[in-house]
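Computed from the coordinates by the stated procedures, all read-outs in this text should not be read as laboratory data. This structure is a prediction, so every number in the text was calculated from the model and none was measured. When we count neighbours, we look across all protein chains shown, and the Cβ atoms used for this are built from the backbone with ideal geometry, even at glycine.
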Amino acid sequence: MFIVNLTYLVDLAKIDAGLPAHVEWLKQCYGTGNFIASGPKKPREGGIILARCSRENLDLCLEADPFWQKGYARYDIIEFEPNMMANGLETLL
């Protein structure tokens with residue numbers, strides 16, 4: 001499993017203009033089963049994605065992100081193996 005920490009590198013006006021394409025890309029990655037959660041950070045300086053896939057699939061997904069392609073964000077990737085979780089989230093394993 002992966003945590004992807006996006007940090008915006010451009011002003012929010014560019015982010016807002018590119019957001020519809022970014023959201024469509026997110027929907028595609030959810031559709032493949034690679035992403036399981038995402039959302040903006042607070043304060044709004046980037047976003048977080050929780051991914052459940054191979055590193056190779058994650059890299060392919062991220063490279064298709066319009067924010068990645070335009071250089072709008074930096075992507076820091078943390079891999080971890082969950083071994084404890086709240087009741088009801090067992091299917092994430």
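The figures follow:
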quantity: Pairs with Cβ under 8 Å, 6+ apart, first in the stretch 1-15 and among the β-branched types (V, I, T), second assigned to a loop (DSSP other than H, G, I, E, B); calculated: I3/F80; T7/E45; V10/G71; V10/Y72; I15/Y72
quantity: Some residue of the stretch 79-86 being of a type outside the set (A, V, I, L, M, F, W, C), surrounded by 17 or more Cβ atoms within 10 Å (Cβ to Cβ) and not in a helix (DSSP H, G or I); calculated: no
quantity: Residue match in the stretch 16-33 (condition: more than 9 Å from the chain's Cα centre (by Cα), surrounded by fewer than 16 Cβ atoms within 10 Å (Cβ to Cβ) and among the aromatic types (F, W, Y)); calculated: yes
quantity: Output for the stretch 52-67, where each listed residue is touching a residue at least 40 places away in the same chain (Cβ under 8 Å) and assigned to a loop (DSSP other than H, G, I, E, B); calculated: R52, C53, D65
quantity: Per-region count, the stretch 6-16, residues in a helix (DSSP H, G or I) and within 14 Å of A73 (Cβ to Cβ); calculated: 4
quantity: Criterion (in contact with a Lys or Arg (Cβ under 6 Å, 6 or more places away or on another chain), assigned to a strand (DSSP E or B), of a type outside the set (F, W, Y) and surrounded by 11 or more Cβ atoms within 10 Å (Cβ to Cβ)) met by exactly one of I36, I3, I49; calculated: I36
